[in-house]
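The values are calculated or read from the model by the stated rules, or taken from the named source; none is laboratory data. Source: prediction; values computed, not measured. Heads up, the Cβs are rebuilt from the backbone with ideal geometry, glycines too, and the neighbour counts pull from every protein chain shown. What goes into the accessible areas is simple: the full protein's heavy atoms, side chains included, and nothing from ligands, DNA or RNA. Shrake-Rupley method; radii C 1.70, N 1.55, O 1.52, S 1.80 Å.
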Amino acid sequence: MQINDDDTLLFIGDSITDAGRDRADSASLGHGYVHEIARTLRERAHDGPGPRVVNRGIGGNRVYDLESRWAADVIGHRPTVVTVKIGINDTWRLYDSGLVSPVHEFEACLDRLLADTVRQLSARLVVITPFLLPVTPDQEGWFEDLSPRTDAVLRTATHHGAQIVRADLVLPRAAQDRPAAELAPDGVHPSPLGHRLIADAWLAAVGAGAPAAQR
């Protein structure tokens, strides 16, 4: 996938994408992986500011929340590249609130969103897999729900020809060399290093390349 300076890159998802962005400022990118990607692309731009980057992550969102705002927050911006990062809250809410998100319904919803994007925009798709770096014993049990959900994300992304960013592999691999809490203090939300690793994985997946995160 070639990223050009005239592209519009839109990122949508939950708090990992949101990363503290100022929702009153449409240009705010937060302090996470979206910001890191935009900074790298600006540094590598030829003569201008680089591609336009839009962040529409909202903390706490599940896939159904994305569907309710997809027309306004994705289609309405007419992006040329759409990146989706969703799934961990669909698992997390089961364990902290008893709120069930059946994997087949989750998969069908994500499929509708990607299909609608391709149909209306002919946009190129990037999908970032959900991930978990357990920092408490009870989080180990979350994989019973998360693993089949990650498989659903992979199936749907592949079906629609999306570039796939395997955050579920990149972060656990990095956690082999350091405590998981250095990458995601609560097991879910990345540290600055965790965000940089996701950004680098995204840049590599789309062929934009990036220096390795400082270790």
**Request:** With the condition kept exactly as written, say whether any residue in region 26-34 is touching a Phe, Trp or Tyr at 6+ places or on another chain (Cβ under 9 Å) and of a type in the set (A, V, I, L, M, F, W, C).
**Result:** yes
**Prompt:** Can you tell me which residues in region 9-27 are open to solvent by 30 Å² or more (accessible area, probe 1.4 Å) and part of a helix (DSSP H, G or I)?
**Reply:** SER15
**Item:** Matching residues in region 80-96 - criterion: being open to solvent by 10 Å² or more (accessible area, probe 1.4 Å) and over 24 Å from LEU133 (Cα atoms)
**Value:** THR80
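Rundown of residues vs (1) farther than 14 Å from TYR33 by Cα; (2) surrounded by fewer than 15 Cβ atoms within 10 Å (Cβ to Cβ), yes/no style:
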position: ASP145; (1), (2): yes, no
position: THR158; (1), (2): yes, yes
position: ALA162; (1), (2): yes, no
position: ALA167; (1), (2): no, no
position: ARG173; (1), (2): yes, yes
position: PRO179; (1), (2): yes, yes
position: ASP186; (1), (2): yes, yes
**Request:** Report, ordered by the first and then the second residue, all pairs with beta carbons closer than 6 Å, sequence separation of six or more or different chains, a first member in region 12-39 that is closer than 22 Å to ALA123 by Cα and of a type in the set (A, V, I, L, M, F, W, C), and a second member that is open to solvent by 30 Å² or more (accessible area, probe 1.4 Å) and modelled with pLDDT of 95 or more.
**Result:** LEU29/HIS35
**Prompt:** Is it true that HIS77 is open to solvent by 10 Å² or more (accessible area, probe 1.4 Å), farther than 20 Å from ALA167 by Cβ and modelled with pLDDT under 95?
**Reply:** no
**Request:** Please verify whether region 92-111 includes one or more residues that are closer than 24 Å to HIS195 by Cβ, modelled with pLDDT of 95 or more and touching a Lys or Arg at 6+ places or on another chain (Cβ under 8 Å).
**Result:** yes
**Message:** I'm told ARG196 meets every condition in (1) within 20 Å of ARG39 (Cα to Cα); (2) open to solvent by 40 Å² or more (accessible area, probe 1.4 Å) except one. Can you identify the failing condition by its number?
**Reply:** (2)
**Asked** Mind checking whether some residue in region 112-119 is in contact (Cβ under 8 Å) with a residue 60 or more places away in the chain, part of a helix (DSSP H, G or I) and in contact with a helix residue (DSSP H, G or I) (Cβ under 9 Å, 6 or more places away or on another chain)?
**Response** no
**Condition met for ASP6 (open to solvent by 70 Å² or more (accessible area, probe 1.4 Å), part of a loop (DSSP other than H, G, I, E, B) and within 23 Å of ALA162 (Cα to Cα))** = yes
